[in-house]
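K.L.:
Sharing a structure here in structure tokens format.
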């Protein structure tokens with residue numbers, strides 16, 4: 001039994017719930033006995049329906065705590081005791097549920113691994129630095145007690161090893177390429193008539209300063225000033241940044257060409273990828289970039305910067321990685337837009353790279369090997 005623990009499964013939380021849901025699914029598909037425990041299920045009925053459909057017919061035990069109270073935490077501990085997992089796979093760092101379950105696993109002698117989802121990268125730790133330092137000092141078990149830590153990229157893995165003296169490996173986020181390698185069906189365009197049949201550059205992600213959407217808009221404005229005719233669609237839930245971005249669109253004279261769609265999920269989001277001409281992401285920091293991978297899986301040309309830590313992708317020619325400046329990024333958008341052959345070739349290489357390097361079968365095998373290492377080193381690992 002593998003027990004996964006994550007605070008929430010909100011689609012708007014981005015990569016961590018998306019990856020946890022799919023990892024659980026793939027492990028169940030491959031015949032593993034698996035459970036997932038979280039504090040909060042998706043908020044909206046349609047989001048819960050999408051999750052149920054994703055897991056339909058699979059032997060997955062799904063446990064949701066209604067409220068993060070002491071009673072709820074007792075219920076979480078009781079659930080672990082009832083399930084008697086061989087390994088606990090914890091996702092993320094800072095929430096009370098994951099901290100308490102790490103401590104309970106340690107108390108019960110159950111080995112656990114931790115997927116950091118980029119939260120122990122030096123850039124991430126520098127944000128709200130004092131608060132995170134206090135947390136790691138007061139609650140060291142979540143890092144020190146882990147049999148292995150899964151980082152999102154080589155930089156983070158090296159930093160974890162040096163700073164925390166803990167075993168760390170890179171476990172990339174996976175992608176089901178066949179879910180994205182489909183032609184446009186019209187679902188996205190029909191919902192947003194302001195875009196209509198216009199070709200567009202796509203960004204997908206929460207509207208938050210770390211995503212660098214203001215920088216993307218400035219580079220887009222540079223490209224338009226040089227002749228780019230594509231619109232820009234910003235797909236994602238507001239995380240406090242939308243008013244500032246709308247103001248910036250007015251300042252740059254882009255109101256008629258920048259479209260805010262809100263969050264899209266499931267088939268609507270996949271069709272946005274299928275409909276776009278270019279996927280663009282210019283983040284201040286991105287530990288992995290699950291939406292960048294979705295762009296690759298869709299077979300669309302992807303433009304980003306080295307701040308997106310997608311190991312090996314640029315070296316393989318899977319995407320266009322450019323200097324993080326308005327001019328360089330905007331020029332890359334314009335160059336690809338003007339050369340259909342170049343964009344098509346880039347998209348094909350990206351899709352092939354995603355299929356070869358981020359397929360779930362290999363990643364589930366990599367996780368299983370780590371589980372065996374950790375269980376073999378634990379007193380509870382033999383025969384449990």
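K.L.:
Please tell me if residue 348 is buried (at least 20 other Cβ atoms within 10 Å of the Cβ) and not assigned by TED's automatic domain parsing to the domain that holds residue 167.
P.N.:
Here the answer is no, as residue 348 does not meet what is asked.
K.L.:
Now for a different question. May I ask you to list the residues in the range 231-283 that are surrounded by 21 or more Cβ atoms within 10 Å (Cβ to Cβ) and part of a strand (DSSP E or B)?
P.N.:
Listed by number, the residues that qualify are 231, 232, 233, 234, 235, 258, 278, 279, 280.
K.L.:
From 335, 361, grab the single residue that is surrounded by fewer than 21 Cβ atoms within 10 Å (Cβ to Cβ), free of Cβ contacts under 8 Å to residues at least 24 places away in the same chain and not in a loop (DSSP other than H, G, I, E, B). Please lay out each step first, then the result.
P.N.:
Working: 361 fails: free of Cβ contacts under 8 Å to residues at least 24 places away in the same chain.
Being surrounded by fewer than 21 Cβ atoms within 10 Å (Cβ to Cβ), free of Cβ contacts under 8 Å to residues at least 24 places away in the same chain and not in a loop (DSSP other than H, G, I, E, B) holds for just one of 335, 361, which is 335.
K.L.:
Here's something else I'd like to know. State all residues of the range 173-184 that are closer than 28 Å to residue 156 by Cα and surrounded by fewer than 21 Cβ atoms within 10 Å (Cβ to Cβ); if no residue qualifies, say none.
P.N.:
176
K.L.:
Taking helices (runs of 4 or more DSSP H) that do not extend beyond the range 112-223, which have at least 3 residues that are touching a strand residue (DSSP E or B) at 6+ places or on another chain (Cβ under 9 Å) and closer than 27 Å to residue 303 by Cβ?
P.N.:
154-164
K.L.:
What residue, of 41, 103, is outside the structural domain of residue 239 (by TED's automatic domain parsing), in contact with a helix residue (DSSP H, G or I) (Cβ under 8 Å, 6 or more places away or on another chain) and closer than 24 Å to residue 144 by Cβ? Before you say what the answer is, go through the steps one by one.
P.N.:
Details: 41 fails: closer than 24 Å to residue 144 by Cβ.
Every option except 103 fails the conditions.
K.L.:
Any residue at all in the range 148-158 that's closer than 25 Å to residue 237 by Cα, crowded, with 22+ Cβ neighbours inside 10 Å and modelled with pLDDT of 90 or more?
P.N.:
Scanning the range 148-158 turns up no residue that is closer than 25 Å to residue 237 by Cα, crowded, with 22+ Cβ neighbours inside 10 Å and modelled with pLDDT of 90 or more.
K.L.:
Say we look at the range 309-326 and pick out the residues that are in contact with a helix residue (DSSP H, G or I) (Cβ under 6 Å, 6 or more places away or on another chain) and either free of Cβ contacts under 8 Å to residues at least 60 places away in the same chain or within 14 Å of residue 216 (Cβ to Cβ) (or both); which of these is surrounded by the most Cβ atoms within 10 Å (Cβ to Cβ)?
P.N.:
Looking at the filtered set, the residue picked out is 319.
One line per residue, one yes/no per condition, for (1) modelled with pLDDT of 90 or more; (2) farther than 20 Å from residue 145 by Cβ:
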| residue | (1), (2) |
| --- | --- |
| 51 | yes, yes |
| 58 | yes, yes |
| 72 | no, yes |
| 89 | yes, no |
| 96 | no, no |
| 99 | yes, no |
| 109 | yes, no |
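K.L.:
Sort out which residues of the range 128-155 are touching a residue at least 24 places away in the same chain (Cβ under 8 Å) and out of contact with any helix residue (DSSP H, G or I) (no Cβ under 8 Å at 6 or more places or on another chain), and write them in order of number.
P.N.:
Of everything in the range 128-155, those that are touching a residue at least 24 places away in the same chain (Cβ under 8 Å) and out of contact with any helix residue (DSSP H, G or I) (no Cβ under 8 Å at 6 or more places or on another chain) turn out to be 135, 152, 153, 154.
K.L.:
With the structure loaded, tell me whether residue 57 is assigned to a loop (DSSP other than H, G, I, E, B) and crowded, with 22+ Cβ neighbours inside 10 Å or whether it fails that test.
P.N.:
So residue 57 fails the test.
Yes/no per residue for (1) assigned to a loop (DSSP other than H, G, I, E, B); (2) touching a strand residue (DSSP E or B) at 6+ places or on another chain (Cβ under 6 Å); (3) within 30 Å of residue 131 (Cα to Cα); (4) without any contact (Cβ under 8 Å) to a residue 12 or more places away in the chain:
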| residue | (1), (2), (3), (4) |
| --- | --- |
| 42 | yes, no, yes, no |
| 47 | no, no, no, no |
| 52 | no, no, no, yes |
| 73 | no, no, yes, no |
| 77 | no, no, yes, no |
| 88 | no, yes, yes, no |
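K.L.:
For residues that are surrounded by fewer than 17 Cβ atoms within 10 Å (Cβ to Cβ) and in contact (Cβ under 8 Å) with a residue 24 or more places away in the chain, tally how many sit in the range 185-210.
P.N.:
Going through the range 185-210 one residue at a time, the tally reaches 7.
K.L.:
Tell me which residues, restricted to the range 5-19, are closer than 14 Å to residue 115 by Cβ and in contact with a strand residue (DSSP E or B) (Cβ under 7 Å, 6 or more places away or on another chain).
P.N.:
5, 6, 7, 16, 17
K.L.:
Let me ask you something else. In the range 106-123, what residues are closer than 15 Å to residue 76 by Cα and touching a helix residue (DSSP H, G or I) at 6+ places or on another chain (Cβ under 6 Å)?
P.N.:
106
K.L.:
Within the range 165-172, is there a residue that is farther than 24 Å from residue 365 by Cα and not assigned by TED's automatic domain parsing to the domain that holds residue 259?
P.N.:
yes
K.L.:
So, one more: Could you list, in sequence order, all residues of the range 100-120 that are within 21 Å of the chain's Cα centre (by Cα) and over 21 Å from residue 363 (Cα atoms)?
P.N.:
Scanning the range 100-120 gives no hits.
The values are calculated or read from the model by the stated rules, or taken from the named source; none is laboratory data. Just so you know, these numbers come straight off a predicted model, no measurement behind them. In this analysis, Cβ positions are derived from the backbone assuming ideal geometry, glycine residues included, and neighbour counts consider all displayed protein chains.
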